[in-house]
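Novice: Take a look at the following structure, please.
The values are calculated or read from the model by the stated rules, or taken from the named source; none is laboratory data. If you're wondering where the values come from, they're calculated on a predicted model, not measured in any experiment. Quick reminder, even Gly has a Cβ in these numbers, built from the backbone with ideal geometry, and neighbours come from all protein chains shown. Surface accessibility is based on the protein's heavy atoms, side chains included, excluding ligands, DNA and RNA. Shrake-Rupley method; radii C 1.70, N 1.55, O 1.52, S 1.80 Å.
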Amino acid sequence: AAEANDTKSGAGAGAPDVSRRTGGHDNVEDMDDDSLAQNMSLKEVVEAFAERNDVSFVPKPARRQDGLGVWSFGTVSLTIDSAKQGIKAQMDGRWAPVSLAELLELHKKKARQDSKAF
């Protein structure tokens, strides 16, 4: 009986998987951070956050750190540890845990520094 609530009619009916992953929202932009965190993997949350903030988010295929793949979040290199639910960014030659807000600030700061170098 509880499963009957999972079935949505209307616009979301054709894509139940997407609807389930986004908590019934039509797209990620309409979701708050709590909805994102509850229904998506950590990589998907970072990817959606990057998209919402107009920052590129791409893998660096040849790079690994502590056995994890390295990703580029704009100007910042990061690792995503799904098992430990943590994000680490490379800053000042070391890898340190960061929040999404800190990650965005690191990117903006580095982008400003890079633009001043020319």
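Novice: Given the conditions (1) within 19 Å of Glu44 (Cα to Cα); (2) open to solvent by less than 100 Å² (accessible area, probe 1.4 Å), which single one is not true for Gly93?
Specialist: (1)
Novice: Between a residue in region 73-87 that is free of Cβ contacts under 8 Å to residues at least 12 places away in the same chain and closer than 17 Å to Glu51 by Cα and any residue that is open to solvent by 30 Å² or more (accessible area, probe 1.4 Å) and part of a strand (DSSP E or B), which pairs come within a Cβ distance under 9 Å, given they are 6 or more apart or on different chains?
Specialist: Note: no pairs meet the criteria.
Novice: Out of Asp92, Asp81, Asp114, report the one residue that is among the charged types (D, E, K, R) and at positive phi.
Specialist: Result of the check over Asp92, Asp81, Asp114: Asp92.
Novice: A further question on this structure: Considering only residues that are touching a residue at least 24 places away in the same chain (Cβ under 8 Å) and farther than 16 Å from Leu106 by Cα, look in region 63-72 and name the one that is most open to solvent (accessible area, probe 1.4 Å).
Specialist: Asp66
Novice: Being open to solvent by less than 50 Å² (accessible area, probe 1.4 Å) and modelled with pLDDT of 95 or more is the filter here, so list the residues in region 100-118 that pass it.
Specialist: Leu100, Leu103, Leu104, Leu106, His107
Novice: Sticking with this structure for a sec: Against the definition (closer than 26 Å to Pro97 by Cα, at pLDDT below 95 and exposed (fewer than 11 other Cβ atoms within 10 Å of the Cβ)), how does Glu3 come out, yes or no?
Specialist: no
Novice: Could I ask something else about it? Test of understanding: among Lys43, Lys60, which residue is part of a strand (DSSP E or B), open to solvent by less than 90 Å² (accessible area, probe 1.4 Å) and at pLDDT 90 or above?
Specialist: Lys60
Novice: Please go through region 87-102 and give me each residue that is out of contact with any Leu (no Cβ under 8 Å at 6 or more places or on another chain) and not in a helix (DSSP H, G or I), ordered by number.
Specialist: Asp92, Gly93, Arg94, Trp95, Ala96, Pro97, Ser99
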